[in-house]
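Accompanying notes for the structure given below.
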Amino acid sequence: MVSCHCSQLARQYTMRKAEVSRNTLETKITVRLDLDGTGAAKLGTGLGFLDHMLDQVARHGMIDLDIEAKGDLHIDGHHTVEDIGITLGQALAKAIGDKKGLRRYGHAYVPLDEALTRVVVDLSGRPGLTFEVPFTRAMIGEFDVDLIREFFQGLANHALITVHIDNLRGDNAHHQAETAFKAFGRALRMAVEADPRGSDIPSTKGSL
């Protein structure tokens with residue numbers, strides 16, 4: 001029985017890759033990901049700080065992530081950041097599939113010097129974001145911290161997942177942001193892992 005279950009999971013996980021493109025008058029974005037990667041990232045969003053944060057998601061989530069984005073950055077970063085979140089969410093939903101045999105829930109606490117952030121993820125099938133990050137300044141370099149919430153909102157809405165992000169403490173806005181992205185990567189990694197004791201959809205409803 002164990003070998004059968006493992007072989008079923010192995011067949012399921014060979015398909016945990018996705019590629020999604022989003023083309024609008026404001027942005028042109030392509031996301032490729034592999035949930036069972038090594039943490040490799042190839043990022044070209046036009047926003048150096050966002051590339052740095054997405055690299056944390058890939059590295060700590062052990063997700064291979066390739067994002068190409070061209071947006072109306074001459075206006076500001078809003079459309080580009082939000083649409084990357086949307087497209088990444090769509091790719092995640094596609095790669096995750098029917099969620100059979102997955103843990104479903106994931107959580108992580110990540111510190112960086114004085115900052116500490118907790119992220120909890122549920123592959124619920126219901127989009128929702130609770131974002132409690134009291135940034136200590138409005139800008140990190142040239143990056144507007146308001147866009148971090150927009151990124152996670154787009155991702156949660158289109159991945160159909162519930163995400164709670166709580167910065168428990170922090171004085172440095174860069175550290176606050178980085179712990180959020182690192183913790184999200186690690187929580188997502190846990191949620192999409194195979195549950196060695198389960199092969200069904202992890203819900204009493206029978207679907208997610």
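The values are calculated or read from the model by the stated rules, or taken from the named source; none is laboratory data. It should be emphasised that the depicted structure is a prediction, and the values quoted were computed from it without experimental measurement. Here Cβ is always computed from backbone atoms with ideal geometry, including for glycine, and neighbour counts include all displayed protein chains.
Structure data summary
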read-out	value
Which numbered condition LEU160 fails, given (1) at positive phi; (2) at pLDDT below 95	(2)
Strands (runs of 3 or more DSSP E) enclosed by segment 115-208 - at least 3 residues per element that are in contact with a helix residue (DSSP H, G or I) (Cβ under 6 Å, 6 or more places away or on another chain) and buried (at least 16 other Cβ atoms within 10 Å of the Cβ)	115-122, 162-169
Residues of segment 59-70 classified as surrounded by 23 or more Cβ atoms within 10 Å (Cβ to Cβ) and not β-branched (Val, Ile, Thr), total	3
Residue in segment 14-35 that is in a helix (DSSP H, G or I) and not β-branched (Val, Ile, Thr) present	no
Where a residue in segment 173-186 is touching a residue at least 24 places away in the same chain (Cβ under 8 Å) and its partner, wherever it lies, is charged (D, E, K, R) and not in a helix (DSSP H, G or I), with Cβ under 6 Å and at least six apart	ALA173/ARG137; HIS175/ASP113
Count of segment 50-105 residues which are touching a residue at least 40 places away in the same chain (Cβ under 8 Å), among the β-branched types (Val, Ile, Thr) and within 18 Å of LYS17 (Cβ to Cβ)	4
Every residue from segment 94-111 that is surrounded by fewer than 18 Cβ atoms within 10 Å (Cβ to Cβ) and either of a type in the set (A, V, I, L, M) or at positive phi (or both)	GLY97
Selection count, segment 52-94, where residues are over 12 Å from the mean Cα position of the chain (by Cα) and closer than 13 Å to LEU188 by Cβ	0
Of all residues in segment 1-45 being of a type in the set (A, V, I, L, M, F, W, C) and at pLDDT below 80, the one that is surrounded by the most Cβ atoms within 10 Å (Cβ to Cβ)	LEU9
